[in-house]
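For reference, the structure discussed in these notes is given below.
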Amino acid sequence: MKKLYYILLFITLPLSAQIKIIPQPNEVTYHKGSCQLSTQITYKQDNLITNPEGYQLVIKPKNITIKYATDAGKFYAEQSLKQLKAQVKLEGKNAFPCLTITDAPRFAYRALMIDPARHYWKISEMKQYIDVMAQYKFNYLHLHLTDDQGWRIEIKKYPKLTEIGSKRTDFEGSKRNNDGFYTQAEMKELVQYALERNVQLVPEFDVPGHSDAAVAAYPFLSCNDTIIGVRTTAGVSKNLLCFAKPEVYTFMDDVITELSEVFPCKYFHIGGDEAPTDKWMEHPEAKRLLQANPSLKAQDLMSEFFHKVNSSLIKNGKQPLIWMELDIPNYPQGSIMYLWRYRTTPQVLERAKKDGFKVITSPGEYAYFDYPQAKDDLPNVGWMPTLTLQRVYEFNPAFNLTTEEEKEYIFGVEATLWGESVKDLFRAFYMTYPRALALSEAGWTQMPQRNWQAFIEKLDFHLQYLLKQGVNYRPPVELSQLTNSKQ
Ligand code: TNX
């Protein structure tokens with residue numbers, strides 16, 4: 001009995017001193033003693049830290065040391081320490097527990113995506129969004145800048161893209177945040193702002209589908225010179241950029257060249273999703289090609305199209321990110337493929353192995369932040385599946401791959417906040433948090449260190465931490481029901 005008592009004491013003691021950092025650091029050892037909050041921090045460049053984002057935080061009774069190899073590691077050590085300090089204060093204590101954290105991310109790419117094309121965000125709102133994600137060690141913000149419902153970035157050679165393409169009458173009747181665009185100067189400033197927080201901005205120019213706003217501005221971009229307006233409803237449009245016109249490739253090359261100058265990030269997203277080829281196949285060029293080669297398929301034209309777009313990217317020193325569609329037979333070597341569609345995980349991983357592609361995992365099952373967090377939580381999203389906090393937490397971005405395969409094929413993880421029903425920043429935060437906290441551990445923390453129970457024990461602190469920063473979130477009410485029923 002006495003023995004059991006000591007075992008229990010041993011188990012519960014370190015738990016009560018539990019630090020609540022999210023994402024969970026990969027190695028924490030506790031030492032004896034405590035350290036005053038006001039203790040000076042010593043910074044040391046340490047070339048033995050091999051991961052550029054890795055760091056070590058050592059808290060001893062009389063000193064705090066942060067060791068890092070690059071500014072990113074230093075920034076992340078500071079984020080961990082900042083959270084720890086806030087926790088200590090909230091618990092009414094005045095000293096840190098002594099400990100050593102040795103930490104580095106599991107994946108190099110840990111992203112969130114926002115969709116200012118569907119509903120316009122102000123630059124100041126994107127800054128707020130970046131401030132919060134950076135604290136949770138996300139290092140890429142993917143900007144979905146062009147779509148049927150809006151073109152949001154200035155392109156100097158094609159002024160109508162923003163004169164016409166950045167405005168629409170309404171969105172399914174709603175008058176909110178329909179209009180607006182970013183000048184290149186504003187965007188460059190945002191790039192710097194993000195970089196100071198170790199966040200790189202990844203631009204997306206979605207081609208050849210989701211292009212109504214571009215076609216509304218320049219009808220020649222479509223196969224039939226169609227005259228349309230910027231789309232005012234959700235859904236998939238058939239007005240693709242035309243594969244058969246040299247001027248379309250010149251257009252894409254010009255846009256990519258201008259955007260490459262604005263966004264220093266090596267990765268450039270070229271969309272590639274949901275592009276029905278009906279109008280391509282009606283074009284005389286498709287008919288001619290089909291006559292010469294009767295086994296030719298529409299999706300072969302799509303492959304050809306991406307190879308041409310890729311040559312513009314290569315010219316600008318960029319690497320393509322693509323929403324992978326399994327029926328497209330071949331993508332340019334060196335592209336990084338998104339796993340996104342529901343129920344396609346095994347096929348996409350198979351394809352990655354076969355074709356040697358790296359994958360960014362963003363599956364609807366775990367990472368679509370436009371989906372509601374509970375059933376009937378939100379109006380007008382009836383068609384969407386539910387994506388609970390717990391489900392996001394259960395996400396292992398390497399699925400059942402071996403560690404070797406994980407290293408070879410999984411580049412990282414991304415949550416997508418599609419914007420059709422996200423009309424303002426208040427809703428954007430509500431959809432993002434607390435699920436992004438769960439996703440941050442999927443991207444950063446190794447599986448043996450991840451644990452749902454431990455995660456929800458850290459949650460209360462983080463909800464208060466967010467609240468103090470004025471960040472909206474969805475209260476995870478189902479969890480309090482869970483704890484109540486246990487009592
Ligand atoms: C599909 S996911 C899309 C988006 C929509 C989203 C809504 C993807 C690559 N394309 O255009 O916003 O569904 O959930």
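Here, each number is a calculation from the coordinates, and none is a lab measurement. Just so it is clear, the model here is predicted, and its values are computed rather than measured. Here the Cβ positions follow ideal geometry from the backbone for every residue, glycine too, while neighbour counts run over all protein chains shown.
At a threshold of 8 angstrom on Cα-Cα distance, excluding pairs fewer than six apart, so keeping six or more, what relative contact order does the chain reach in percent?
15 percent
By counting other Cβ atoms within 10 Å of each Cβ, how are M337, M384 ranked from fewest to most?
M384, M337
Can you give the calculated 222 nm mean residue ellipticity of the chain, where each DSSP H run of n ≥ 4 adds -39,500 (n - 2.57) and the sum is split over every residue, rounded to the nearest 500 deg cm²/dmol?
The helix-only estimate for the chain comes to -11500 deg cm²/dmol at 222 nm.
If packing is taken as the average count of other Cβ atoms within 10 Å, what order do 131-139, 172-180 fall into, highest mean first?
Output ranking for 131-139, 172-180: 131-139, 172-180.
May I ask for the Rg/Rh ratio of the chain, computed from Cα atoms with Rh as the Kirkwood radius, given to two decimals?
Taking Rh as the inverse mean 1/r over Cα pairs, Rg/Rh reads 1.01.
Show me the ranking of peptides 106-114, 238-246 by mean Cβ neighbours inside 10 Å, starting with the highest.
For the peptides 106-114, 238-246, the packing ranking is 106-114, 238-246.
Filter the chain for me: DSSP H helices, axial length by Cα at least 18 angstrom, mean Kyte-Doolittle hydropathy not below 0.5. List them by residue number.
Helix filter hits for the chain: 2-16.
How high is the relative contact order of the stretch 69-184? Use alpha-carbon pairs under 8 Å, at least six apart in sequence, and give a whole percent.
That works out to 23 percent.
For the residue pair A374 and N396, what label-to-label distance in nm results when each label sits 7 Å from Cα along the Cα-to-beta-carbon direction?
2.9 nm
If you average the sequence gap of Cα pairs under 8 Å that are 6 or more apart and divide by the length of the stretch 335-463, what percent do you get for the contact order?
26 percent
Between K44 and S311, what is 0.36 nm times their sequence separation minus the Cα-Cα distance? Round to one decimal in nm.
91.8 nm
Multiply the residue gap between S295 and Y193 by 0.36 nm, knock off their C-alpha separation, and tell me the result in nm, one decimal place.
Length gained, S295 through Y193: 31.6 nm.
May I ask you to derive the FRET efficiency for T233 and D424 from their Cβ-Cβ distance with R0 = 22 Å, giving the value to the nearest 0.05?
0.70
Label 7 Å along Cα→Cβ of D460; the stretch 81-96 residues with amide nitrogen under 15 Å?
The answer is 87-93, whose backbone nitrogens lie closer than 15 Å to the label point.
So how do I227, I123, I456, I130 line up by other beta-carbon neighbours within 10 Å, fewest first?
Placing the least packed residue first, the sequence is I227, I123, I456, I130.
Under a Cβ-Cβ limit of 4.7 Å, which cysteines in the chain have nobody to pair with?
Unpaired cysteines in the chain: C35, C98, C265.
Compute the FRET efficiency between K122 and D170 as 1/(1 + (r/R0)^6), taking r as their Cβ-Cβ distance and R0 = 30 Å, and round to the nearest 0.05.
Efficiency, from the Cβ-Cβ distance: 0.95.
Go ahead and run the numbers for FRET between T257 and E285, Cβ-Cβ distance against an R0 of 35 Å, rounding to 0.05.
It comes to 0.90.
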